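Chemist: Before we start, here is the structure in question, set down as C-alpha cells.
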Amino acid sequence: MKEYPKNHVKTPIKESMVTLVLLNVITLMILLLPMEWGSFFGVSGDWDSQHVGAAELLRQTMITQGAIFPQFTYAGGGTNIYDFAYYGFLRPDVILSCFIPGVPMKYIIAVYCIFQVMASVTLCYIWLKGQQVSKRGAMFGSVLLVTANCFIQAHRQIMFVSFMPFLMLALLGIDRLLEKRKSLLFVLALVMIYLHSFYYAPACLVVCGFYGIYRLTVKVGEEGGAMASLIAWKPAGKAIVAVALSLAISAVFLLPTGLDILSTVKDGGSFVAQPMKLFDGTLEGLLYEPYGCGMSLLSLYGLVSAICKGRENRPLAILAGGILFSMAVPAVSWVLNGFLYARAKILIPFLPLVVLVTVKALNDWKKERPRLLPALVCLLPFFFWEEELQRTAALADGILLLIIVVYLRHKWKDRGIPNLNRYMACAVMTALLAIPILTSYEVSSHGGWIKSEDFVQNPFNADELKKCGILPEKEGSVGTEALYRMDVIYHGLTNSNTVPDGSIQQTSMYSSVTDDDYGTFYYETIGNPIAIRNRVALLPSENPIFNDFMGVRYLVTKADGVPVGYQPILKKGDMVLSEKEDVLTVCYGASLLMEEEFFETLNRQERLEALSRYTIVNDHGTETGDGSKDFVSHWAQTVSLTEPIPAAEAASRLAREVNQTMKSSRDNCVLLVEFDVNSPKQEEVVITIGNMDNKLASHKAPYPNRNYHFTYLIGWDEGTDLSIEASQGDYTIENLQMFTIPSEFLKKEAAKATTHGWEPDGHTMFQGTVDMKEAGWIVTSYPYREGYQVIMDGQEVTAQKVNTAFVGVAAGAGKHEIVIRYTAPGFEMGLLVSIAGILGLAVLMFRQWIQQKKRRI
C-alpha cells in the first residue's frame, strides 16, 4: 500500500482537476482581460525591444552558427553572447524556437509567458495541498498568488517572473528531499531558475533556505528529543550538496556570465544616489508595486498574525518574521542586489512564502477568533506612501480588511465561524481589488499594449535581403554581410537587437550588459545622439562618420529619411533599404597611424577627423605614417555662441544658425552641431535636428542618461532639408558650437579585406585576406575584449586594442590570411565543471537508488 507523507492531504483526482481548470481560467482572465481589443500580449518598450528582440537574435545566432553554445553575436559590432544571458540564452523557449524558425518569436515568447504564469498557479496549488492545508485553502492561496501585481511583468520584464514555476518546483523538491530523500527535482528546478533569471537566483536560494529551515523546524517539533532532532537536520547536508550540484551543472552558463558582468561597470541608475533607509514603512517589496510582490494588505495581515501566534506555532512565526524583516529593511534588498542598490524588485521570489504564511494564518480562523491587532497594523503603510495611487489603495484596502476582521470577530462562536468559506471568499475579493487599478495604471504609464498590426521588427526578411545580395542565395556562397554591416534606423529601439539572419552584422544592441569601451566610443568619442532616457541602449543613427568607420553599408529608414550618400535599393511600404558602397569593411589594412597619447590631446572635432583618417595605436613601432607629426585639422567653425538660449527660442534660433551654416558651406560636407543643455528642474528635454533625436532624461527616470551635452553629426549635400524641433519646458541651451568639414577629409586609406566565407563553428567571427601595400596594422571594427584569438598566416598573434576600443594586430607588407575567433572567458572551464556536475548528479542518483532499494528490502 502506498504511503503518504504526514502532511499530505488526499483529494480525489477528478475534484482536483476541476479545481485546477478553474484556477487556470481565473489566471487567464487576470492576464488577458486588461488587454485592449486588437492588441498583443506585450507592452511596447523593453518587452519587444529587449526580450523578444534579444530572443530572436539568440535564435538566429544559434541557427546560423549551428551551435547551442555560440560564443558571440554580431550585434553591438560583435559581442560576447553572454551579454544577452539576462534575456534567455539557453532558456527552453529560445532553444525550442530554433526548431520552429518559421514561427515569429513574439508568439513563442507570449505563449511561454502565459504558460509560465499558469504553471506557477497550478504548482502553487499542488504545493499548498501538501502543507496541511484544505483544498479550499490551497485554492485560496493559488488565487492569492496569481493576483499578485508582479505578474504584470509577464508582458513587460519577463525575467521578473519567469523563474516562478521553477521556484515552486524547487519548494516541492525540498519537500521531496525531506520526505523521500530524493534530490533530482530540487537540483533540476534550481538549474532552470538560473537559466531563466540568474539575477533572481540568489534571492531564490535564500527563499529555499527559509523554507527548508521552516520544514526542518516543523519536523524537529513533531519528532522531539535530542537524537530525533539531530537526525531531522541531516537532510540539510543533502540540500547543500544539491545546491552545489545545481551550480556545477549550470557552470557553463553561470561562470562566463559572471565574468562578463564583472568585466563591465553596471549602471545603478538614479537608485544608487538615493540614500538607503533603515526601515521601509511602505513595504513596497510586499504591497501593490509591480516591481515587488505587489500583494494586498491581506498578505501583511497574514504575516503579522503568524508572528502574534509565535508561542503556538513557532516555526511559522519565525518564517513570517524573516519575511517581514526582509520586506521592511532595505539593507536586505541591497545585499540581494549585489550591493548595487536597494530596489525591492529582488524580493519577488518571497511571494510563495508570503502566500503560505497567509493561508495558514487565515486557516486558523476555524479555531480562534480573528485578531484585531494585525488588522490595525495593516493601516500603517498608508501613512508612509507618498504616491497618491498607492495611498488611496492602502487606505481603501485597510478599511475593508478592518471591516471584514471586525465582522468575523462578531460572527465567531465557540466552534469557529459559521460559513467560514463564504467569508474567505470576501477576503479573496479584498486581494483582487487592487489588481485592475494598478495593472491599468502600469500599462498606461509605461507604454501601451502593442497593436497586433503594429509589430515592426525585422522590416526586411531574409529572402528579401538575398535578392539584394546582402545574404547569399546559394549554400556555400558569400554575401556582403560577411564584410559590411546593416543597421535599422526605422523604429531603431524596437529593432536594436533583432536580425533576420544570424550572419547580419549591426552596430546596435540593447542589453543591460555592454562593453564599456564600445559604449564610451559609441556616444562620447564618435558623437552618436542619445535618443532615449538611458545610455545602455546603443541605437543606430545617421552619423556619417560613425557609419563609414563601422562599415555600415546598408541602412533601413523611412522612405523620406534616406541619409546623404545612401541610395535606395528596396522599398516596402513607408520604409526603404539603402546602400552606400564607399564605407570601410569590418576588417582592413591601414598604414597611416597615430599615437594614442597624441590623440588624447586633440579636441572633440579633431578626434573625429583623426579616427576617420588614421588608425589610433598605443605603439605603432615604426616612424612610417606617424600622424602625430603631420596632423592638420580641416574643420571650419561657423558658429560660437556663449549666451544662453531659452527653451522658447531654441528651435527657431537653432534653425536660423543651421540654415545659415548650410548656405555658406560647400556641398558634400559634414556638419557638427553641439551644445550644452541646462535644465534647472532636471526635467526631460528633447531636441530633434533632421532625423536625429537627443534627449536629456528627467532625474525621475530609473536610469537617467545624464546627457547634458547634445551632439549631432549630419551629412550635408545640396537639397538637404533639416527640420528642427525642441520640447517645451524650463531649460536653456548654452555654448552652441557649429563646425563643417568637407567629406574628402574623412576618408581613410585602407586595404579592404576580401573573403570567400568560412564554415560557421560558433567561434569564428571573420576569415579573409588583407593585401597590405606597406607595413602597418590590420584593423577591425570588432569591439576589443578578453577572449579574442587572431591567427595571421597560420600563426597566432596577440590581439591589441586600436582606435580606443577595437581589435587590431600589427602586420608587415604583403598579403595576409586572417582568422578572427572568439571564446567567452570562462566558457571552457564552465563546460568542464558542468560535465563534472552532471556526472556527480548521476552518481548521487545511483546512490539514492541503491539506498532506496536497501530500505525496501
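Chemist: Working from the pairwise distances between different alpha carbons, so that the mean of 1/r is found and then inverted, what is segment 538-614's Kirkwood radius in Å?
Modeler: 14.2
Chemist: Using 0.36 nm times the number of residues separating R706 and V25, minus their current alpha carbon distance, what extension gain do you get?
Modeler: Length gained, R706 through V25: 240.6 nm.
Chemist: What span do the alpha-carbon atoms of the chain cover on each of the three principal axes, reported in whole Å from largest to smallest?
Modeler: Largest first, the chain extends 96, 68, 46 Å along its Cα principal axes.
Chemist: How would you classify segment 36-159 from its alpha-carbon gyration tensor, with a ≥ b ≥ c the square roots of the eigenvalues: rounded for a/c under 1.5, else prolate if a/b is greater than b/c, otherwise oblate?
Modeler: Prolate shape, in that a/c is at least 1.5 and a/b is the bigger ratio.
Chemist: May I ask for the distance between the Cα centers of segment 561-601 and segment 41-110, given as a whole number of Å?
Modeler: About 27 Å separates the Cα centre of segment 561-601 from the one of segment 41-110.
Chemist: Taking the Cα centre as origin and putting +1 on Lys and Arg beta-carbons and -1 on Asp and Glu beta-carbons, what dipole magnitude results for the chain, to the nearest 20 debye?
Modeler: Result for the chain is approximately 6780 debye, rounded to the nearest 20.
Chemist: Any idea what the relative contact order of the chain is, in percent, if you count C-alpha pairs under 8 Å spaced at least 6 apart?
Modeler: Relative contact order, the chain: 15 percent.
Chemist: Measuring from label point to label point, each 7 Å out along Cα→Cβ, what is the V797 to E606 span in nm?
Modeler: 3.0
Chemist: Separate question: How big is segment 458-588 on each of its three principal axes, counting only the C-alpha atoms and giving the largest first in Å?
Modeler: 39, 32, 27
Chemist: Distances longer than 14 Å among the Cα atoms of segment 743-812: what percent of all pairs is that?
Modeler: More than 14 Å apart: 66 percent of the Cα pairs in segment 743-812.
Chemist: R0 = 51 Å: FRET efficiency of H756 with T642, Cβ-based, nearest 0.05?
Modeler: The calculated FRET efficiency here is 0.35.
Chemist: Extent of segment 505-560 along each principal axis, from alpha carbon coordinates, in Å, largest to smallest?
Modeler: Taking max minus min along each principal axis of the Cα atoms, segment 505-560 gives 31, 22, 20 Å.
Chemist: What full-extension length gain, to one decimal in nm, is calculated for E368 and I850 as 0.36 nm per residue of separation minus the Cα-Cα distance?
Modeler: This chain segment gains 168.8 nm when fully extended.
Chemist: Specify whether the C-alpha gyration tensor of segment 290-407 places it in the rounded, prolate or oblate class, a ≥ b ≥ c being the square roots of the eigenvalues: rounded for a/c under 1.5, otherwise prolate if a/b is larger than b/c and oblate if not.
Modeler: In terms of gyration-tensor shape, oblate.
Chemist: Per residue of segment 633-644, what does 6.51 cos²θ - 1.76 cosθ + 1.60 with θ = phi - 60° give for ³J(HN,Hα)? Whole Hz please, x for Gly and Pro, Karplus curve as stated.
Modeler: These are the phi-based 3J(HN,Hα) values: 6, 10, 6, 10, 7, 10, 9, 8, 10, 9, 6, x Hz.
Chemist: Relative to the first principal axis of the alpha-carbon coordinates of the chain, what is the inclination of helix 351-363, with its axis defined by its Cα atoms, in degrees from 0 to 90 and to the nearest 10?
Modeler: Helix 351-363 sits roughly 20 degrees off the main axis of the chain.
Chemist: Any chance you could list the semi-axes, whole Å, largest first, of the equivalent ellipsoid that the Cα gyration tensor gives for segment 131-221, using √(5λ)?
Modeler: 23, 19, 11
Chemist: At a threshold of 8 angstrom on Cα-Cα distance, excluding pairs fewer than six apart, so keeping six or more, what relative contact order does segment 667-720 reach in percent?
Modeler: 48
Chemist: Going by average Cβ density within 10 Å per residue, which order do the peptides 842-851, 555-564 take, highest to lowest?
Modeler: 555-564, 842-851
Chemist: Could you tell me the calculated FRET efficiency between D717 and S16, based on Cβ-Cβ distance and R0 = 56 angstrom, to the nearest 0.05?
Modeler: With a Förster radius of 56 Å, E is 0.20.
Chemist: Next question. Bin width 10 Å, origin at 0, all Cα-Cα pairs of segment 645-716: what percent of pairs per bin?
Modeler: 17, 48, 26, 8, 1
Chemist: How much of the accessible area of segment 615-773, probe 1.4 Å, is carbon plus sulfur, in whole percent?
Modeler: In segment 615-773, the share of accessible area belonging to carbon and sulfur is 45 percent.
Chemist: Ranked by accessible surface with a 1.4 Å probe, highest first, in what order do K135, K629 come?
Modeler: Ranked list, largest accessible area first: K629, K135.
Chemist: For the chain, report the accessible area per residue in Å² (1.4 Å probe, heavy atoms, rounded to an integer).
Modeler: Dividing the accessible area of the chain by its residue count gives 42 Å².
Chemist: Taking 0.36 nm per residue of sequence separation and subtracting the Cα-Cα distance, how much length would be gained by fully extending the chain between A244 and Y407, in nm to one decimal?
Modeler: Difference between extended and current length: 53.6 nm.
Chemist: Beyond a 25 Å Cα-Cα separation, which of these cross-linked pairs lie in this structure: K182/K219; K106/K558; K135/K854; K748/K815; K180/K854; K466/K580?
Modeler: In this structure, K135/K854 lie more than 25 Å apart at Cα.
Chemist: Of all the C-alpha pairs in segment 700-758, what % are more than 16 Å from each other?
Modeler: Roughly 73 percent, rounded to a whole number.
Chemist: Compute the distance in nm between two label points, each set 7 Å from the Cα along the Cα-to-Cβ direction, one at K815 and one at F384.
Modeler: Label-label distance for K815 and F384, simple model: 7.4 nm.
Chemist: Shifting gears a bit: Would you list, by chain and number, the lysines whose Cα falls below 27 Å from the Cα of K277, excluding same-chain residues fewer than 8 positions away?
Modeler: Straight-distance partners of K277: K266, K345, K681, K700.
Chemist: Now a separate question. Would you please report the Å³ per residue occupied by the convex hull of the alpha carbon atoms in segment 697-796?
Modeler: For segment 697-796, the hull spanned by Cα atoms encloses 267 Å³ per residue.
Chemist: Given the peptides 339-351, 653-665, arrange them by the average over their residues of other C-beta atoms within 10 Å, most packed first.
Modeler: 339-351, 653-665
The values are calculated or read from the model by the stated rules, or taken from the named source; none is laboratory data. What you see is a predicted model, and the numbers here were worked out from it, not measured in a lab. For neighbour counting, all protein chains shown are included, and Cβ atoms are generated from backbone atoms with ideal geometry for every residue, glycine included. Side chains are part of the model used for accessible areas, which takes the heavy atoms of the whole protein and leaves out ligands, DNA and RNA. Shrake-Rupley method; radii C 1.70, N 1.55, O 1.52, S 1.80 Å.
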